Amino acid sequence: MAEILLSLTIIGVVAAITLPSLTGNINERTWNTQRKALYARFSQALALMPSLSGYGTYTEESSSGADDAMDNAAETFITAGLSKVLKINNICDYKHLEDCGIPTVVNTLSGGTLSKFTTDYNTLVGFNEVFKIVSYSQNNCTGEKTSKVTYKLDTRAAAFETANGESILIYYNPSCTGDMQEEMIFVQPKMCANFVYDLNGSKGPNTVGKDIGFITALYPSDPVIVAPLPLNSDAGSAAQTDASKLCRAQDSESRLPNIDELSAMFINKNLLELPQYAYWSGTVYTKDSSKGWAHAFINSETNRMVGPRSEVAPVRCIKR
């Protein structure tokens, strides 16, 4: 009897040690499978739409405030566009995002907390303030600074639930534009739709990189659909020519994001809480192979840029 009790005790201790790790691994594999399946469905659906731009009515401002401005762009994109190519069960406006399973508290990739997610992040500018950029020009004679709006767009978010039970929050740009391959460009006009998904609705852990992630659609015709899964920390700094080595050293399954994936990370930077500087992408500039694409994450310099591939810059790797 003593031997049986001892054996049961040992089994209990081993189970208590290994069960949390085993459960965590099962959850990780489940989320990864769901994430890839969701990305495949969205890629197929968005490719069937004739264009990702032009849905709904959007008025930049109203005399009595943004709340009564005509803005049904995101909802119309869902009802008149996406619902024709994807099974959707429920649609919620920007004041009732929780009714579609969007969590009120979201844990960021870096371990922070967005505690009022459904209210503070229910518009495009609320989600990322760089969709309202103001640049400043200076008079060389007087030294006076004159403000000039470079890019401004603030649409209301909307949400929906899929037939598979995912909760999806959407930010939409009805006037998105194509990729012209300029050497320095704002990415904001290129974003057509940004989807923040929760794979299990209102259930936990509501954490970016686990059950929460994002899918970004760029360019209205022949859209590029990306869903990078960034690693939790930078891999270091390197020239673009050597940056891939840092990714392989950090995680054998990770790689450098291409420029579109890096732009998606910038659009969703508040979910990731990435440091405020520029990262290398893995994309080489097609007009000059000695140059590569990087992306600035600094609010005052929110553009894609081309630079010599030999320059050293920070590296953040992703999984796909």
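GLY213 - would you say it is in contact (Cβ under 8 Å) with a residue 60 or more places away in the chain, under 24 Å from ALA163 (Cα atoms), surrounded by fewer than 23 Cβ atoms within 10 Å (Cβ to Cβ) and assigned by TED's automatic domain parsing to the domain that holds ALA159? Show your work before the answer.
Numbers: in contact (Cβ under 8 Å) with a residue 60 or more places away in the chain: yes; under 24 Å from ALA163 (Cα atoms): yes; surrounded by fewer than 23 Cβ atoms within 10 Å (Cβ to Cβ): no; assigned by TED's automatic domain parsing to the domain that holds ALA159: yes.
Judged against the criteria, GLY213 is not a match.
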Original post:
All but one of (1) in contact with a Leu (Cβ under 9 Å, 6 or more places away or on another chain); (2) among the small types (Gly, Ala, Ser); (3) surrounded by fewer than 20 Cβ atoms within 10 Å (Cβ to Cβ) hold for ALA227; which doesn't?
Top reply: (3)
Original post:
When you look at ASN90, is it in contact with a Lys or Arg (Cβ under 9 Å, 6 or more places away or on another chain), at negative phi and in contact (Cβ under 8 Å) with a residue 40 or more places away in the chain, yes or no?
Top reply: no
**OP:** Would you point out the residue of the stretch 213-242, among those that are part of a strand (DSSP E or B) and farther than 21 Å from VAL130 by Cβ, that is nearest to the chain's Cα centre (by Cα)?
**Re:** LEU229
**OP:** Return the total of residues in the stretch 90-129 being among the aliphatic types (A, V, I, L, M) and buried (at least 22 other Cβ atoms within 10 Å of the Cβ).
**Re:** 5
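The values are calculated or read from the model by the stated rules, or taken from the named source; none is laboratory data. None of these values were measured; they are calculated from a predicted model. All Cβ positions, glycine included, derive from the backbone under ideal geometry; neighbour counts span all protein chains shown.
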